[in-house]
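Down below is the structure, laid out as structure tokens.
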Amino acid sequence: MAEGAPMAEGAPMVERPISIVVEVNGLRRREHVMPRLLLSDFLRHRLGLTGTHVGCEHGVCGACTVRVDGIPARACLMFAVQTDGCAIETVEGLAGTGELTPLQRALHEAHGLQCGFCTPGILIAAGDLLERRPGADRAEIEALLSGHVCRCTGYRPIVDAIERVARDAAGHTARGDHADDADDADANGDPGGPGDPGDPGEAA
Amino acid sequence: MTDQAVATRGWIGRALPRFEDEALLRGRGRFIDDLEPVPGAHHAAIVRSPHAHARIRHLDVSAAEAADGVTGVLTGADVQAMSRPFAAAAPSPVPYYAAAVDTVRHVGEPVAVVVARDRYLAEDAAARVRVDYDPLAPVLDARAAVHDSDALVSERSFHYGDPEAAFAHADVIVGGRFDFPAWTGLPLEGYGVVADWDPGAGTLTAWCNFQGPFTLHGVAAAALGLPGTRLRVITPEHSGGSFGIKSGVFVYVALIGLASRKLGVPVRWTEDRLEHLAASQTSTGRCAEIEGAFAADGELLGVRIDAIDDVGAYLRAPEPASMYRMHGALTGAYRVRNLALRARVVLTNRCPSALNRGFGGPQHYLPLEGMMALGARRLRIDPLRLAELNLVRRFPYETPSGGLYASGDFAGCLREARELSGYEARREERRRARRAGRLYGIGVACVVEPSISNMGYVTLVEEEASRGNALPKSGNAEGATVTINPAGGIGVRVSTTPQGQGHGTVVAQVVADALGVDPSQVAVRADADTSFSPWTVASGNYSSRFSGVGVGAALRATEQVAGKLRAIAGHVLGADADEIELRDGVAHLRGSGDGAETTVSLRRLAGMAHWNPEGLPEGLEPGLAATAYYAAPELAPPVDDRISASTENGFVVDIAVVEVDRATGRLAVIDYVSVHDAGRLLNPLLAEGQVIGGFAHGFGAVTREAHAHGADGELLTDTLKDYLCPTPADLPAVRTAHRETPSPLTPLGAKGLGEGTTMSVPAAIHNAVMDALHRDAPIALPLTPARLWELIDA
Ligand code: FES
Ligand code: FES
């Protein structure tokens, strides 16, 4: 029986597995999941993608951040069924079997990870920021990371690493390209997608 | 032979990025919850107390047992029947079992363990466990608890020199109450255990993200009634931080192990964040009263400390060690010879305490350095000047309480910190700011950072007379195995169980130099397997011991293997072993060219050792592996209550410049300088990571982090929305510098450095805030805007 199948008696209703189709890191998967199965548990324990970490299960630490249809989401605040028909990107998909990405390399060089538990969520979130705002500045990076708990590094080498990638990217585009669209995301540099901590409706 | 390795100097000391990173960056970390070390493990959910203190009137698990998918339930009564109380470093009036038997003593204390086919079902069923509680009044005030004989775990007094005379002759006496609330390093990954009881062999195997084995493997085994050989603890390759907090995993090795034993299935449990905040482990809360006796010229004549440690609901090993960890360095960086300490340890209704970064250090330096700041204020001497006047200047220096500061340059560090901070300009800025009515302050902290704890220091909790009966305890030793396989592959195993500190990279650097190879060719495992790894009772990740003893053991084992390689090479090249030099993966005949007749590759030597025992020099064992142990020197058991509590003592000088906003009470750190002498830095990149990471922990503790309880004992900080960690925008850009006075006591001259800033930052920032607010009394931590705002103009 699928994980998460609840007992019938005393539960509000008898729930049955639901069939979903998701594309994870480019691979299409059809799975039967119980409605209450968290996306984080689905990724980690059904699909074996244990790179997505769980640090709080209440939407604060950011360790579980993945992208759902291109938008960062906290996998601990979503149910797997909510991603039916969606494309999901996890840390395993960043470099795949190839070379590390520039952001991964920058974190390595700056000693931006110690235990590495926060790293996958930060890679996804920062990668997303750099995609939206390739020349993001230090304040934007710090604001983004305020939604990611890292207890090992004191953050500075992480900020340095992301900033370096941003500067390299800015070097490739005309200066000022991104100077005046600073307000297009909310103050946290977070687009408030599904599973965003600011959206209590998503909480289980 | 050590000199040989030191002389090579190739990789040691380089800021080499870590070999550990690649797997972690790809999401290929192997953390405890990622592993399926045994097939078919069932999942546990723990029923926990919502009360800080209550009697359990009735526990009914029948509905849970009958629920869908449930394997069974382990109750406190089962735990009592199947195990013994955990031992600690002192006897406790309250027996400590892995689950509550008839009384719960802290929020989150386990009451029952429900095991089911999956975690969702286990949690469903856990909700059906009915517990009737009779709430009791909680004890949360450590100062009140000392009067309760059931709460007072230990009380000792120590006298060094003549403190009475010092105080009698003092021109100025200052002091105050400095309380350090319990907080946590809060590793991002919580506890996790997979326990597998083998009824045939009577063996428990536990995979867990423990940071031991340390002494706690033995504590868990004894509680389970198992000889040490029947408890096999295996740690995963990766652990998501600890900072000491994961030493408490041993309690759950016992609890989940008992569930597996009772139910006859392997059981796994992964702690969630609510459980972690309520019930994993915290730092030790300290209530301290301190007094300093000064001469008018600023000489510190004597110190009196009355310290009460709050260890929470149970005495959890290695407590009450927090009280004694700093014992060799009680007088800090200063020459003062007269010292009195009253040390009391109490139980309250809080989460049990034990290791947490700094372990006793932050709690000690807040009062000691606070006293120095208050002294400076009263004496009208600049605090940096007052520190300088009193610094230890001659090394080796033996402290009144028995500590040994083998080497150092305290005065040099202080000078460097003064320069780096632009101290005089800061003071000028303060004058200007104050004239403008701004609340601008400067704080100093000088901190001796002990590393490599003496296993014997905890016995100070016993009176000298009773100590004699037990096996003497001393030292701090680590083991390592180095293996070269037939193809020349180099593998190293140490049992230092890192949680992100990069031990693998540093060991690879050290081994690379000793064998003359590239560090990328050295595979290192630092996780522990108590049945098959080399380890000692001191093994584990604490007291910043790695760079001394972890490296020491790896070096010793490597030297043995290198010796053998040289012997074989000498045999092949027709020379003496000591004429052979290992470099670039090749054994060279010293002083000759690089021709084929004067060199032989490591790979070939390894092949010979494995394939051709007959061709080896006479008397040489075949194979190419060595296990060696290294014990740090100068760590004798205590004598006359004096102890060298740590092998090494690094030094840190911090200068904090802060401003408190009059309107909001918000604290801004304008500048922060931290100068360290941690001996020789084996990898400056990783060293800086430890310093900055430790800074963040100290900064969190002084500005916002604490476990808070309501009057009825309710835990107020049970989620990450309530327990606030600093974010990047909160953390000031600390400016660091390192002086490297090599340690004469560790093989490569390194001193530990993982905890110094966690010790110094709370004191420096607290002193700066006292200065900003013109206070001549301490301020209760954490220094939240609300608290500071109330004190402005008070
Ligand atoms: S696990 Fe912390 S935000 Fe999801
Ligand atoms: S590296 Fe450990 S939490 Fe960030």
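The values are calculated or read from the model by the stated rules, or taken from the named source; none is laboratory data. Model, not experiment: these values are computed from the prediction. Cβ coordinates were reconstructed from backbone atoms using ideal geometry, including for glycine residues, and neighbour counts include every protein chain displayed. For the accessible areas, the whole protein counts, side chains as well, though only heavy atoms, and no ligand, DNA or RNA atoms are used. Shrake-Rupley method; radii C 1.70, N 1.55, O 1.52, S 1.80 Å.
Here is how the numbers come out for the structure above:
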| quantity | calculated |
| --- | --- |
| Evaluation of B:S322 against (1) outside the structural domain of B:V94 (by TED's automatic domain parsing); (2) assigned to a helix (DSSP H, G or I); (3) more than 24 Å from the chain's Cα centre (by Cα) (one fails), failing number | (3) |
| Residue within segment B:47-58 that is in the same structural domain as B:E275 (by TED's automatic domain parsing), of a type in the set (G, A, S) and in contact with a helix residue (DSSP H, G or I) (Cβ under 6 Å, 6 or more places away or on another chain) present | no |
| Answer from B:A343, B:A333 - the residue that is surrounded by fewer than 24 Cβ atoms within 10 Å (Cβ to Cβ), more than 18 Å from the chain's Cα centre (by Cα) and not β-branched (V, I, T) | B:A343 |
| Enumeration of residues in segment A:123-153 that are assigned to a loop (DSSP other than H, G, I, E, B) and out of contact with any helix residue (DSSP H, G or I) (no Cβ under 6 Å at 6 or more places or on another chain) | A:R133, A:D137, A:S146, A:G147, A:V149, A:C150, A:R151 |
| Residue tally, condition open to solvent by 10 Å² or more (accessible area, probe 1.4 Å), touching a strand residue (DSSP E or B) at 6+ places or on another chain (Cβ under 7 Å) and either of a type in the set (D, E) or at pLDDT 95 or above (or both), over segment B:544-559 | 1 |
| Set B:D60, B:D102, B:D68: member being within 14 Å of another protein chain (Cβ to nearest Cβ) and closer than 29 Å to B:L263 by Cβ | B:D68 |
| Matching residues in segment A:114-172 - criterion: being farther than 18 Å from B:G693 by Cα, hydrophobic (A, V, I, L, M, F, W, C), within 16 Å of ligand 1 (Cβ to nearest atom) and facing chain B (nearest Cβ under 8 Å) | A:L123 |
| Residues satisfying the stated conditions in segment A:47-58, i.e. within 11 Å of chain B (Cβ to nearest Cβ) and either away from ligand 2 (no atom under 16 Å from the Cβ) or without any contact (Cβ under 8 Å) to a residue 24 or more places away in the chain (or both) | A:G48, A:L49, A:T50, A:V54, A:E57, A:H58 |
| Check on B:V572, under 31 Å from the mean Cα position of the chain (by Cα), β-branched (V, I, T) and either closer than 30 Å to B:R467 by Cβ or not assigned by TED's automatic domain parsing to the domain that holds B:H159 (or both) | no |
| Flag if B:G698 is more than 9 Å from every other protein chain (Cβ to nearest Cβ), buried (at least 18 other Cβ atoms within 10 Å of the Cβ) and on the phi > 0 side of the Ramachandran plot | no |
| Filter result for A:L129 (within 16 Å of ligand 2 (Cβ to nearest atom), open to solvent by less than 20 Å² (accessible area, probe 1.4 Å) and farther than 25 Å from B:F210 by Cα) | no |
| Segments classed as strands (runs of 3 or more DSSP E), wholly inside segment B:172-251, with at least 2 members that are open to solvent by 10 Å² or more (accessible area, probe 1.4 Å), away from ligand 2 (no atom under 16 Å from the Cβ) and within 14 Å of chain A (Cβ to nearest Cβ) | none |
| Selection within segment A:52-88 - at positive phi and within 14 Å of ligand 1 (Cβ to nearest atom) | A:E57, A:G59, A:G62 |
| Residue within segment A:108-121 that is within 15 Å of ligand 2 (Cβ to nearest atom) and in contact with a strand residue (DSSP E or B) (Cβ under 9 Å, 6 or more places away or on another chain) present | yes |
| Flag for B:P362 being open to solvent by 10 Å² or more (accessible area, probe 1.4 Å) and farther than 23 Å from B:E398 by Cβ | no |
| Residues of segment B:50-100 satisfying the condition of being among the polar types (S, T, N, Q) and farther than 13 Å from B:V129 by Cβ | B:T71, B:Q80, B:S83, B:S92 |
| Per-region count, segment B:125-151, residues open to solvent by 30 Å² or more (accessible area, probe 1.4 Å), within 14 Å of another protein chain (Cβ to nearest Cβ) and not basic (K, R) | 1 |
| Verdict on A:L94 being away from ligand 2 (no atom under 16 Å from the Cβ), at the interface with chain B (Cβ under 7 Å from one of its Cβ atoms) and either without any contact (Cβ under 8 Å) to a residue 40 or more places away in the chain or assigned to a strand (DSSP E or B) (or both) | no |
| Selection from segment B:6-36 of residues that are more than 9 Å from chain A (Cβ to nearest Cβ), of a type outside the set (V, I, T) and over 30 Å from B:R128 (Cα atoms) | B:A7, B:R9, B:G10, B:W11, B:G13, B:R14, B:L16, B:F19 |
| So B:H169, is it more than 14 Å from chain A (Cβ to nearest Cβ) and either in contact (Cβ under 8 Å) with a residue 40 or more places away in the chain or of a type in the set (V, I, T) (or both) | yes |
| Unique residue being assigned to a helix (DSSP H, G or I), touching a residue at least 12 places away in the same chain (Cβ under 8 Å) and more than 14 Å from chain A (Cβ to nearest Cβ) when the list is B:H707, B:H766 | B:H766 |
| Total residues in segment B:27-83, condition crowded, with 19+ Cβ neighbours inside 10 Å and without any contact (Cβ under 8 Å) to a residue 12 or more places away in the chain | 1 |
| Some residue of segment A:154-163 being within 16 Å of ligand 2 (Cβ to nearest atom), over 25 Å from A:A95 (Cβ atoms) and at pLDDT 95 or above | yes |
| Hits in segment A:59-86 (condition: within 12 Å of chain B (Cβ to nearest Cβ), in a loop (DSSP other than H, G, I, E, B) and in contact with a Leu (Cβ under 7 Å, 6 or more places away or on another chain)) | A:G59, A:V60, A:C61, A:A63 |
| Matching residues in segment A:65-105 - criterion: being assigned by TED's automatic domain parsing to the domain that holds A:G116 and touching a Phe, Trp or Tyr at 6+ places or on another chain (Cβ under 9 Å) | none |
| Looking only at segment B:660-695, and only at residues there that are surrounded by fewer than 24 Cβ atoms within 10 Å (Cβ to Cβ) and among the acidic types (D, E), the one that is farthest from B:P785 (Cα to Cα) | B:E688 |
